[in-house]
Amino acid sequence: MRIAIGSDHRGVSVRHSIIELLKRLGHEVQDVGAFDCGSVDYPDIAATVSQSVASEEVDRGILICGSGIGMAIVANKVPGVRAATCHDDLTAEMSRRHNNVNVLCLSADMLGERLIDRMVEIWLTTEFEGGRHARRIEKINEFEKRLHEPKSP
């Protein structure tokens, strides 16, 4: 799988750890930074990863900031992206199983390394169930299209 990953300055060490995990699992990684611990604006990183996912340059994205919330807000502004902030095994699993989430957002400050590794592995290996959930995702996609249609004068 091709995975884009990015973090703000608070998530640099977590991002490096996840990149090592992804490579061990055989995935191709596109690292978009931040590349040091100097302050950066998380919206820039989130937009880069999310646009890579939406354009299908990569299969999925992972974003890390202090809480994971800011990254999710930005990512969900990009048409075609379904991002979720996950905090445990169950939210990671259900984000894929029921919501077909393509961008995982994580907290650098509130989760431990073992939990993050488990969550990433669960998120990568859990399949979307489809069925009634596919119908709901299609409704989200239709709503998104209506929001981005050009307005008639």
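Decide, for segment 1-82, between rounded, prolate and oblate: order the square roots of the alpha carbon gyration tensor eigenvalues as a ≥ b ≥ c, take rounded if a/c falls under 1.5, and otherwise choose prolate if a/b is larger than b/c, else oblate. Oblate, since a/c reaches 1.5 and b/c is not below a/b.
In a shell of Cβ-Cβ distance under 9 Å around residue 122, excluding residue 122 itself, what net charge do Lys and Arg (+1) and Asp and Glu (-1) give?
Numbers: positive: 96, 118; negative: 89, 93, 121.
Taking every other residue near residue 122 into account, the sum is -1.
For segment 1-89, the solvent-accessible area of protein heavy atoms averages 45 Å² per residue (probe radius 1.4 Å; ligands and nucleic acids excluded). Annotation: peptides 108-120, 79-91, 137-149, ranked by per-residue average of other Cβ atoms within 10 Å with the highest first, follow the order 79-91, 108-120, 137-149. For segment 15-108, the list of GluC sites (Glu not before Pro) that fall in a loop by DSSP and count at most 10 other C-beta atoms within 10 angstrom reads 56.
If Lys and Arg each add +1 and Asp and Glu each add -1, what is the summed charge of the other residues whose beta carbon sits under 13 Å from the beta carbon of residue 108?
Details: positive: 10, 15; negative: 8, 109, 113.
Summing Lys and Arg as +1 and Asp and Glu as -1 gives -1.
Quantify, in whole percent, the carbon and sulfur part of the accessible surface of the chain (1.4 Å probe; protein heavy atoms only).
Percent of accessible area from carbon and sulfur atoms in the chain: 52.
The alpha-carbon of residue 139 sits under 17 angstrom from the alpha-carbons of these lysines, leaving out residues fewer than 8 places away in its chain: 77.
Compute the relative contact order of the chain as a whole-number percentage, counting only Cα pairs closer than 8 Å that sit 6 or more residues apart in sequence.
Working: 277 pairs, mean separation 33.2, N = 153.
With pairs under 8 Å counted, the relative contact order is 22 percent.
Looking at the square roots a ≥ b ≥ c of the eigenvalues of the Cα gyration tensor of segment 51-126, which shape do they give, rounded for a/c under 1.5, prolate if a/b is larger than b/c, or oblate?
Details: a/c = 1.85, a/b = 1.31, b/c = 1.41.
Oblate.
The separation of segment 1-16 from segment 53-110, counted between C-alpha centres, amounts to 12 Å.
The values are calculated or read from the model by the stated rules, or taken from the named source; none is laboratory data. These numbers were taken from a predicted model, which means no experiment stands behind them. Here the Cβ is made from the backbone with ideal geometry for all residues, glycine too, and neighbour counts use every protein chain on show. These accessible areas exclude ligands, DNA and RNA; they are computed on the full protein's heavy atoms, side chains included. Shrake-Rupley method; radii C 1.70, N 1.55, O 1.52, S 1.80 Å.
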